[in-house]
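Peer 1: Just passing along the structure, written as structure tokens.
No lab work stands behind these numbers, since they all come straight from the coordinates. Since the model is a prediction, treat every value here as computed from it, not as a measurement. When we count neighbours, we look across all protein chains shown, and the Cβ atoms used for this are built from the backbone with ideal geometry, even at glycine.
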Amino acid sequence: MKICIIKLSALGDIIHTMLVLQYIKEKYPSSEIDWVVEEGFKSILENNPYIDNILGINLKSIKSKKSAIFSQIKLARQYSKNNYDIVIDAQGLIKSSIVAKLIGAKTIVGFCKNSIRETLATFFYDKTVSIGYDKNVIDRNVKLFNEALDLSITKEDILNKESFLYSNDESQSKVEIIFVVGASKENKIYPKENFLELVNELSEYTIEVIWASESEKEVAEYLSQNAKNVDVCKKMSLDSLKNKIQNTSLVIGGDTGPTHMAWGLNIPSITIFGNTPEYRNTYITPKNVVIKSSSKVNALKLDKNDFSIKEIQAKDIAELAQKLLN
């Protein structure tokens, strides 16, 4: 069976979908699995033994250059020559469903119109799967692939999953704690002053701060300049970041891709939630825990003015960290 999975972005969403790969190969060991992804996220999928081909696409280029749509349509049609038995659109957007249709297959599967935001996407599916948009993202993915491929992934399977992120970089040394200080939205970011308080609460541990933008680097340097136990990581590729997180004892950060990488690697983590729903955006395990502000969150309508993440006390995060480290 030739399977094509479409999950274009973003980092955390791709990770939460990758879980199913090991169970597909377990049931269909001779299957061929290809994955269509935005070019910028290809490296998170690289070196995975369950993926046969990573198929890059650059739909983001269309935003800056409208004529790029023609080259991307041509690319998707080129992928259609692979003659897939099934295409599974795990993204649930109009753009991803169009890509699914252009690639084509005997069966195209996606979420039903009541399970996604962009309901027009369902027009391109042959089969749809129903599960509320506000339900846990990992549970949503499991339901989609269970029904699409006749799998039987259970909660127990999820809790006992194999680590599924792989790196070619073996240069990273062991780290006690990694801080993830950035996120895609300002109100998903734990303030640097709060992080400094957390550093002081965890003064007996060595901490490294990862960063991807200049603003994140400034936070990392602020923490390093104000605490002896903090180091600033060099800027890393996604491949190096996988290995860095694999070699730490604990990751602490907001609801963002690098924090979710810890979950994919079976590394202990604390995810700090403010205006996004902890019950939806991560999967709690004995070593992957969350701390949430007091605000009530509607997954269907996030409050852009909710900065309640600032209210979370550093000492409460430190208490969780001590339990996980000990």
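Peer 1: Treating cross-link reach as a plain straight distance, find the lysines whose alpha-carbon is under 18 Å from the alpha-carbon of residue 292, omitting any fewer than eight places away in the same chain.
Peer 2: Cα-Cα hits under 18 Å: 135, 185, 188, 192, 301, 304, 310, 315, 323.
Peer 1: Another question, if that's okay. Let's test the formula: R0 of 25 Å, r as the Cβ-Cβ distance of residue 119 and residue 285. What FRET efficiency results, to the nearest 0.05?
Peer 2: It comes to 0.15.
Peer 1: Mind pulling up the Rg/Rh value for the chain? Radius of gyration and Kirkwood radius, both on Cα.
Peer 2: 0.97
Peer 1: Full-extension gain between residue 160 and residue 319, please, as 0.36 nm times their residue separation minus the C-alpha to C-alpha distance.
Peer 2: Length difference between fully extended and current span is 54.7 nm.
Peer 1: Something else now. What's the extension gain from residue 171 to residue 226 if we count 0.36 nm per residue and subtract their Cα-Cα distance?
Peer 2: 17.0 nm
Peer 1: Moving on to the next point. List the extent of the Cα atoms of the range 175-325 along each of their three principal axes, largest first, rounded to whole Å.
Peer 2: Result, largest extent first: 39, 30, 29 Å.
Peer 1: If a paramagnetic tag sat 7 Å from the Cα of residue 2 along the Cα-Cβ line, which residues of the range 23-52 would have the backbone N under 11 Å from that point?
Peer 2: Within reach of a label on residue 2, which here means backbone N under 11 Å from a point 7 Å along Cα→Cβ, the range 23-52 contributes 32-34.
Peer 1: Any chance you could run the full-extension gain for residue 85 through residue 64? It's 0.36 nm times the residue separation minus the Cα-Cα distance, nm to one decimal.
Peer 2: Net length gain for the segment: 4.2 nm.
Peer 1: Which order do 294, 237, 224 fall in if you start with the one that has the fewest other Cβ atoms within 10 Å?
Peer 2: Least crowded to most crowded, the residues run 294, 237, 224.
Peer 1: Working from the alpha-carbon coordinates of the range 2-159, get Rg over Rh, Rh being the Kirkwood radius.
Peer 2: Value, to two decimals: 0.94.
Peer 1: May I ask for the angle, rounded to the nearest 10°, between helix 68-79 and the longest principal axis of the chain, with both axes built from Cα atoms and the value confined to 0 to 90°?
Peer 2: That helix lies at roughly 70 degrees to the long axis.
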